[in-house]
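Down below is the structure, laid out as structure tokens.
The values are calculated or read from the model by the stated rules, or taken from the named source; none is laboratory data. Treat the numbers as computed from the prediction; the structure is a model and nothing was measured. Neighbour counts are summed over all protein chains in view; Cβ atoms, including those assigned to glycine, are modelled from backbone coordinates with ideal geometry.
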Amino acid sequence: MTSTGHRMKSLFIDCNEQLAPVWERVVRADDPPIDVNRTPFEPATLPSMLEDYDICLVDHSDMPTELAARCGALKHIVFLGTGAASYMNPTALLRSGITVHTIKGYGDTAVAEHTIALMLAASRDIAAMDRQIRAGTWSTSEGVQLLGKTLGVIGLGGIGREVVRLAGGLGMEVIAWNRTGQAGAPLVELNTLLERADVISLNLALNDETRGFIGPPQLARMKPGVILVNTARAALVDETSLLQGLKTGRIRHAALDVFHAEPLPRGHPLASMRNVTLTAHAGFRTLEASMTLLRRAIDIVRDLVARPPHAGP
């Protein structure tokens, strides 16, 4: 119950066709009622859609503060993932009386496995050869053997630690840099990692301190022919520097699951480069991870509904 005495109402505002069957699998009869919207909508309609809802579950829709603040009953946003800041301003929303809840750790293994998959695909030019064969061209590429190579993991959160674990199975030497000194792999200075690593995996969270983390100075320190894998956030890397590094060969191959604009705009330079492997922000998209994600979101709603009146965020 809320402080006004009414039963809290919840809406999953953007349940897409991919998540809908997963939702049906995880929702239980004893869960608090959660309405589900599967129809695309424009941000301008948020105040009318959420007029009577206290809680909003959001997958990947923008929630502008000025519009959310006009949703009279809205007090909580449950974001399906960790990167809420890419779709809303949690600090500004809190000032408007709306608390943003995020969900961590649900897809650590899924993203780490995708990272390793991209690393393998990049090291053996798998995507490029696939495209050529389909087009009728038989051209064998010489790849990079990963056994004994050095993997530099930047960021040792849950995903980074999983990447370290999986890379050990490939016989790679793993070194890492982390902002907080987290254990899990031999830690080195960032410049040392950039200079030594044959493969670099970006697994940092995006914030004001990490935006543009890899720019011209960092690129200049990388070992020529490095493989760069980014399954975190595109804005960690200065895009102009990335494109330049790919053109000059300083970066042998970039394997990317995240982009500055998503979907990747038609005609974007990355789409025409042979030494780039692209996936559609799919690192966390496994059935297992999606089930965990949605179940945790429902459990957050359960906890919010069960709170006594006047409880804090």
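Assorted remarks:
- Screening SER272 against (1) more than 29 Å from ASN89 (Cβ to Cβ); (2) touching a Leu at 6+ places or on another chain (Cβ under 9 Å); (3) exposed (fewer than 14 other Cβ atoms within 10 Å of the Cβ) leaves a single unmet condition, (2).
- Helices (runs of 4 or more DSSP H) wholly inside the stretch 109-215 containing at least 3 residues that are under 28 Å from GLY81 (Cβ atoms) and modelled with pLDDT of 95 or more: 158-168
- Condition check for GLU262: among the acidic types (Asp, Glu), assigned by TED's automatic domain parsing to the domain that holds VAL174, buried (at least 16 other Cβ atoms within 10 Å of the Cβ) and out of contact with any Cys (no Cβ under 8 Å at 6 or more places or on another chain): no
- Applying a threshold of 6 Å to beta carbon distances and a minimum spacing of six or more residues, or different chains, the list of pairs starting in the stretch 21-32 at a residue that is within 16 Å of SER10 (Cβ to Cβ) and ending at one that is outside any loop (DSSP other than H, G, I, E, B) and of a type outside the set (D, E, K, R) reads TRP23/LEU294; VAL26/MET291; VAL26/LEU294; ASP31/ILE298; PRO32/VAL301; PRO32/VAL305.
- In the stretch 266-278, the residues that are under 20 Å from THR115 (Cα atoms) reach residues that are small (Gly, Ala, Ser) with C-beta atoms within less than 6 angstrom, at least six apart or across chains, in these pairs: ARG274/ALA128; VAL276/ALA254; THR277/ALA121; THR277/ALA122; THR277/ALA127; THR277/ALA255.
- Each residue in the stretch 197-235 was checked for being surrounded by fewer than 16 Cβ atoms within 10 Å (Cβ to Cβ), out of contact with any helix residue (DSSP H, G or I) (no Cβ under 7 Å at 6 or more places or on another chain) and either among the charged types (D, E, K, R) or not assigned by TED's automatic domain parsing to the domain that holds MET172 (or both), and 2 of them qualify.
Residues are listed down the side, and each one gets a yes or a no for (1) in contact (Cβ under 8 Å) with a residue 12 or more places away in the chain; (2) closer than 30 Å to ASN207 by Cα:
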| position | (1), (2) |
| --- | --- |
| HIS101 | yes, yes |
| HIS114 | yes, yes |
| ILE133 | no, no |
| GLY136 | no, no |
| GLY152 | yes, yes |
| VAL164 | yes, yes |
| ALA167 | yes, yes |
| GLY171 | yes, no |
